[in-house]
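One structure is given below, encoded as structure tokens.
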């Protein structure tokens with residue numbers, strides 16, 4: 001999969017959940033969504049990207065990165 005596409009999709013999911021008033025609920029909701037709707041290969045690629053650090057391009061939103069790290 002194209003990492004740029006995966007990051008865009010993950011950030012779009014994050015944009016939806018970042019409106020929740022509780023940050024921990026938003027992180028949990030993003031992680032749950034990724035577990036429920038993304039195939040394992042997609043999750044592996046986005047987890048690997050998130051582990052490489054915040055200076056990687058394309059950039060994950062901080063909230064999204066936090067949720068992705070909980071998947072590993």
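Derivation of every value follows stated rules applied to the coordinates shown; laboratory data play no part. Everything quoted here is computed from the prediction, not taken from an experiment. Virtual Cβ from ideal backbone geometry, glycine too; neighbours counted across all protein chains shown.
Hey, can you tell me all the residues within the stretch 40-56 that are closer than 17 Å to residue 30 by Cβ and either touching a strand residue (DSSP E or B) at 6+ places or on another chain (Cβ under 8 Å) or touching a residue at least 40 places away in the same chain (Cβ under 8 Å) (or both)?
42, 45, 46, 49
Assigned to a helix (DSSP H, G or I), without any contact (Cβ under 8 Å) to a residue 40 or more places away in the chain, within 8 Å of the chain's Cα centre (by Cα) and surrounded by 14 or more Cβ atoms within 10 Å (Cβ to Cβ): is that true of residue 30 in this structure?
For residue 30, the condition - assigned to a helix (DSSP H, G or I), without any contact (Cβ under 8 Å) to a residue 40 or more places away in the chain, within 8 Å of the chain's Cα centre (by Cα) and surrounded by 14 or more Cβ atoms within 10 Å (Cβ to Cβ) - is met.
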